[in-house]
Amino acid sequence: MTATPGAAAGQEWRRLHPRMLLVHPLHELVRALPVLIATLVVGVSTGSGEKWSLIASAGAILLGPARWYTTRFRIADGKVELSRGLLQKQVLTIPLERIRSVDVTAHPLHRALGLARVEIGTGVRDRKREEHLRLDALSVPEAARLRLELFPSGTSGPGHRELARARTAWMRYAPLNVGGPVLLALLVVILYQAHLDPLDYGPVHAAADRLRGPHPWAGLLEAAGIAVVCTAAASTVFYAVMFGNFRLIRLPDGTLQTTHGRLTTRTVAIQERRVRGVEVAETLPVRAMGGARCLALTTGLRGGRGGALLVPSAPAAQVRHVAGEVLGERAPVTGALARHPRRALRRRVVRALAVSAPAAVAFAVAVRCAVLPGGLWPVPAALFPLAVLAAVDAYRNLGHAITGPYLVGRSGVLVRRRWALSREGVVGVRLRRSVFQKRAGLTTLIVTTAAGRGRYGLPDVASGDAERLTRELLPGLVEPFAGRPSRTHSSRAGTRSAGEG
């Protein structure tokens, strides 16, 4: 995205919908809230707080008509242009070939007024707010027409194919969603900001008293029960609001389109020709319930956790089916993987014990110094077997393979990820060996790509296997480096031209 001093001649400029004047005053008031608070404080000190607050509020509201009057956009000469600014004019330009996604959202107020917000995605640089190309707001039919202009295809009719749709059975994974703890933490912050101590409430206060009493296990269990119930409730609400009415379809031109959300409806379109692979992620609780979620590894587009969401937490079999549909074959997401050497297990057990030992010592010191109740002594004793079990699970989750045109890797404990990356999307390979890895004959292989998180690793692969994989991924580029001694424990095996893949 670039800023240009002026706009070229071509198609006529278009404005936002006039009904956005009913939406923007509320947005501007929220955005100007710190200024309003500051003016109120200053006004109170001078005896004219209400007057200054009204003036500041009126100024924030008047920004809406000014923004509508000065904001225009058009599609012309193979690019999208957005002109905005009152005192300082700015024209933002995106070439059509750089567009990675078109995100259409509608908040409750938008939906009540028949409006939608369109955000044109270009990849990593989208995270810079000043370079967003966001149109807030257009009428729903106009937003649909704009999406068709940018991604020419039909969204209905016999040409489209539904790949996934939310089912009632998916809600069993809702209490295990990670959004719950985030909402709970925000609630605690809000309570403290409002000078409301959560410990003052009956059940929480009683659990805290038992935790400090002679029988701490009763308080610990009660506190854990309260935390589990609150987290599960918050996670369920988060999942239902975010992913209600979820639907994934493939449009006639190969575009993948997801639609989800109950309060805020969001539609994201991704060009399938830019998809370089998929990632199937399983958090530990969701994995225990037989669930998973799927992300698309897309060039220039990095959504949450390094990919664009294709399926939220859902039954693993259905998630793998969708991943296979996107890749065009199921082997990369269901095929067997090569196990890593047993030496990788030993490394994980040693690291787990090295981490848990200081934690157990610190806990024991806290009990000895009466910082924690003495009845909690089984907690540090349980750290060691839990750490060993986590190490064994981490080793069992390791695996890799080259399946057809895809490099496949799997690793993780709390979040187990299996990713399949197109070999054409690999732009570089890095072989990394620590001192301990070198003694064990192990290597961490890291592939770099323009898709997803940008780099994906295969930890603790046998050194011979790592070199073989490198030759298969970058044929002809590794031979000049073969057999050369390295002065460091990290060496770059080769890099493909960034324009490839």
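The values are calculated or read from the model by the stated rules, or taken from the named source; none is laboratory data. In this text the structure is predicted, and so the values were computed from the model without any measurement. Ideal geometry is used to build each Cβ from the backbone, glycine not excepted, and the neighbour counts take in all protein chains shown. Side chains included, ligands, DNA and RNA excluded: accessible areas come from the protein's heavy atoms. Shrake-Rupley method; radii C 1.70, N 1.55, O 1.52, S 1.80 Å.
Odds and ends about this structure:
- Long-range neighbours under 7 Å by Cβ, at least six apart or interchain, first residue over 15 Å from Ala143 (Cα atoms) and of a type in the set (D, E, K, R) within the stretch 251-271, second part of a loop (DSSP other than H, G, I, E, B) and open to solvent by less than 10 Å² (accessible area, probe 1.4 Å): Arg262/Gly244
- Scanning the stretch 257-274 for residues that are open to solvent by less than 30 Å² (accessible area, probe 1.4 Å) and either of a type in the set (Gly, Ala, Ser) or touching a Leu at 6+ places or on another chain (Cβ under 7 Å) (or both) gives Gln257, Thr258, Gly261, Ala269, Ile270.
- Test for Arg343: is it basic (Lys, Arg) and within 30 Å of Arg273 (Cα to Cα): no
- Subset tally (residues that are out of contact with any helix residue (DSSP H, G or I) (no Cβ under 9 Å at 6 or more places or on another chain) and part of a strand (DSSP E or B)) for the stretch 233-256: 2
- Of all residues in the stretch 386-411, those that are touching a residue at least 60 places away in the same chain (Cβ under 8 Å) and among the polar types (S, T, N, Q) have Cβ atoms under 6 Å from Cβ atoms of residues that are open to solvent by 20 Å² or more (accessible area, probe 1.4 Å) and part of a helix (DSSP H, G or I), 6 or more apart or on another chain, in Thr403/Ala331.
- Qualifying residue in the stretch 391-400 (condition: closer than 30 Å to Ala364 by Cα and surrounded by fewer than 18 Cβ atoms within 10 Å (Cβ to Cβ)): yes
- Of all residues making up the stretch 461-474, the number that are part of a helix (DSSP H, G or I) and open to solvent by 10 Å² or more (accessible area, probe 1.4 Å): 7
- A residue that is out of contact with any strand residue (DSSP E or B) (no Cβ under 6 Å at 6 or more places or on another chain), at pLDDT 90 or above and within 21 Å of Phe436 (Cα to Cα) occurs somewhere in the stretch 396-404.
- Candidate set: the stretch 414-460, residues that are touching a Pro at 6+ places or on another chain (Cβ under 8 Å) and open to solvent by less than 10 Å² (accessible area, probe 1.4 Å); chosen: the one farthest from Ala296 (Cα to Cα): Leu442
- Only listed residue being in a strand (DSSP E or B), under 27 Å from Leu176 (Cβ atoms) and of a type outside the set (D, E, K, R), chosen from Pro312, Pro332: Pro312
- Of the criteria (1) more than 16 Å from Leu21 (Cα to Cα); (2) modelled with pLDDT of 85 or more; (3) open to solvent by less than 30 Å² (accessible area, probe 1.4 Å), which one Lys79 fails: (3)
- Within the set Leu183, Leu221, Leu196, Leu187, the sole residue that is modelled with pLDDT under 65 and farther than 30 Å from Gly409 by Cα turns out to be Leu196.
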